[in-house]
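Step one of this worksheet: look at the structure below.
The values are calculated or read from the model by the stated rules, or taken from the named source; none is laboratory data. Owing to the predicted nature of the structure, the values given are computational and were not obtained by experimental measurement. Every residue, glycine as well, gets a Cβ built from its backbone with ideal geometry; the counts of neighbours run over all protein chains shown. For accessibility, only protein heavy atoms count, side chains too; no ligands or nucleic acids. Shrake-Rupley method; radii C 1.70, N 1.55, O 1.52, S 1.80 Å.
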Amino acid sequence: MRDARRAAAAAVGLWTISLPLGLSGCGRDAGGFTPSGQPAGWDDGVRLSSAPDLNADPSIVEVDLEARLADFNFVPGGPTAAWTYNGLLPGPMIRAQVGNRVIVHFKNSLPEATTIHWHGLRIPAAMDGMPDLSQPPIAPGGSFDYDFVVPDASTFWYHPHADAAAQVGFGLYAPFIVDDPAEPQGLGDEVVMVLSDIAVNDDGTLQSPTASGDLGTLFGREGNIFLVNGQIRPTLKARPGLPQRWRLINAAKSRYFQLSMAGHSFVRIGGDGGLMTAPVTVAQPVLAPAERADLIVVPQGEPGSDVVVQWLPFDRGFGATSEPIQDLFVVHLEGTPVATPPMPDVHRDIAPLPIDGATQVPIALTVDNPAPLELGINGVAFKNAAPLMANVGDTEVWTVTNTFEFAHPFHMHGFFFQVLTNDDPPVPVAPLEWKDTVNIPVNGTVKFVVRYDDRPGMWMFHCHILDHAEAGMMGTLMLMEPP
Ligand code: C2O
Ligand code: CU
């Protein structure tokens, strides 16, 4: 929405970056560069492991996942026993094509119960990993097979939904990419980057997920170590002038990521639910917890020089902007500059959902009890809440009101929505995009429209500052077949 507002003011040309012209010596550099022209080993510093596909059928992706502890060295004082999928942090990337069936044989080797939630995927409620609502939590030593068809192309992710603030904070998250072969290819050499943080003590042990008590919960606990694909300040190599496509996921349990790359801007082509109706130029993209951004960047600079991508504090409330700027990762320029190829037309056609006759759903984010702290939705904490009711086929306009001095990233399970303006009548924020998580700013109100397709069942919605969700800022929606 922030991006879209900027876009409304400044329409985007395609590549509008002027290039230091000259030497485009692909041939001459053969050997030291990939077929596309990126420096050899360009993404070695950040490349993620993928889960091996155990199924020979090209329309089925079948993987084994095990949640278990594994040691990492984040601080000199000692190892950190992080919580991982398959011993990796982030966990292994799952990659499928639209329409594929995905089967995940999951085993829980953690010391506590867990589930996997497939964030953003429009799959049946029974596969959505909501503890007690869609499945009993998977006990230590237990297992569960997830099995669903992936209907949409985008950058998604997966994470636990039991004791989620602790478990996600300890390292349980991973990317899930769905490709649509019918969408434009060749948008630049692609790298998937999971942005997160982890809270560790000087001796490497994990900080308590209840550190600082209610105050910690109210602020939303942030980690003290910034991670990009599990690495501290890794290096990505780039050929000056050659586009790269960065698919970013904010997997932190509370932290917002506002990015800055000196001398560069980004072309955002998509987000949570795939490509937008038009690209937008963004100087400093912001990802609230759980949001994704699909960015094209054209790295520029002297061969041999470095450009650092930095984390900037974002005003998510009380004191958040006093945090110091941090380095996230380094882009190391290598090779003779090349002329940037023209950008293909990248967009998805999205029809605005009609809002005439839509049911109005007011949602207030609330504090239900100051001490011990209980947060809620419409004045009721999750544990006491009755589900909202709706029917398959219904269209609803949700108006989410935040009277806090803190921002809240609001997430709806199972269905994409379109964010609306606060005009009367509201119109979709342009360019259009499908979203599953939207930031509700400090003292702000955000409207969105959602239409329920034919996946009845119990669904969740909540703040994606996971400390807030666990403290009660969460609710359920009972979706029924129409009578
Ligand atoms: Cu990533 Cu219930 O959410
Ligand atoms: Cu919140």
Cα centroids of region 129-198 and region 321-379: how far apart, whole angstrom?
17 Å
Given labels modelled 7 Å from the Cα in the Cβ direction, how far is it in nm from D179 to E481?
3.8 nm
Give me the extension gain from N224 to T321: residue separation times 0.36 nm, minus the current Cα-Cα distance, reported in nm with one decimal.
33.4 nm
Can you give me the accessible area per residue for region 359-480, using a 1.4 Å probe, in Å²?
34 Å²
In nm, to one decimal, how far is the A339 label point from the D394 one, both placed 7 Å along Cα→Cβ?
5.8 nm
Percent relative contact order of the chain, based on C-alpha pairs within less than 8 angstrom and at least six residues apart?
15 percent
Pairwise FRET efficiency - T403 versus V427, Cβ, R0 = 25 Å, nearest 0.05:
0.50
As an exercise, use a Förster radius of 30 Å and the Cβ-Cβ distance of A364 and D145 to find the FRET efficiency, rounded to the nearest 0.05.
0.20
Measure of exposure for V429: accessible area at 1.4 Å probe, Å² rounded to 10, is 20 Å²
Go through region 375-390 residue by residue and turn each phi into a ³J(HN,Hα) via Karplus (6.51, -1.76, 1.60, θ = phi - 60°); whole Hz please, and just put x for glycine and proline.
9, x, 10, 6, x, 10, 6, 3, 5, 9, 7, 8, x, 6, 10, 8
Could you derive backbone 3J(HN,Hα) for region 352-369 from the dihedral phi with the Karplus parameters 6.51, -1.76 and 1.60 (θ = phi - 60°), listing whole Hz in sequence and x where the residue is Gly or Pro?
x, 6, x, 9, 4, x, 5, 6, 8, 10, x, 10, 10, 8, 9, 9, 9, 8
Taking Cα pairs under 8 Å and at least six residues apart, what relative contact order does region 359-480 come out at, in percent?
34 percent
Under 5 Å between amide hydrogens, which residues at least 5 positions from Q258 or on another chain qualify, with H placed 1.01 Å from N in the peptide plane?
L287, L312
For a Förster distance of 30 Å, can you work out the FRET efficiency between the beta-carbons of R101 and A81, rounded to the nearest 0.05?
0.30
Counting Lys and Arg as +1 and Asp and Glu as -1, each charge on the Cβ, what is the dipole of region 359-480 about the Cα centre in debye, to the nearest 20?
120 debye
Could you please state how large a percent of the accessible area of the chain is carbon and sulfur, counting protein chains only and using a 1.4 Å probe?
56 percent
Per residue of region 403-408, what does 6.51 cos²θ - 1.76 cosθ + 1.60 with θ = phi - 60° give for ³J(HN,Hα)? Whole Hz please, x for Gly and Pro, Karplus curve as stated.
9, 7, 7, 10, 7, 9
Give the long-range amide H neighbours of M193: residues separated by 5 or more places, or on another chain, with amide H under 5 Å away, using H modelled in the peptide plane at 1.01 Å from N.
R247, L248, I249
Check which residues have an amide H placed less than 5 Å from N86's amide H, if you skip close sequence neighbours.
E66, A67, R68
Along the Cα→Cβ direction, 7 angstrom out, place labels at L215 and T34. What is the inter-label distance in nm?
4.7 nm
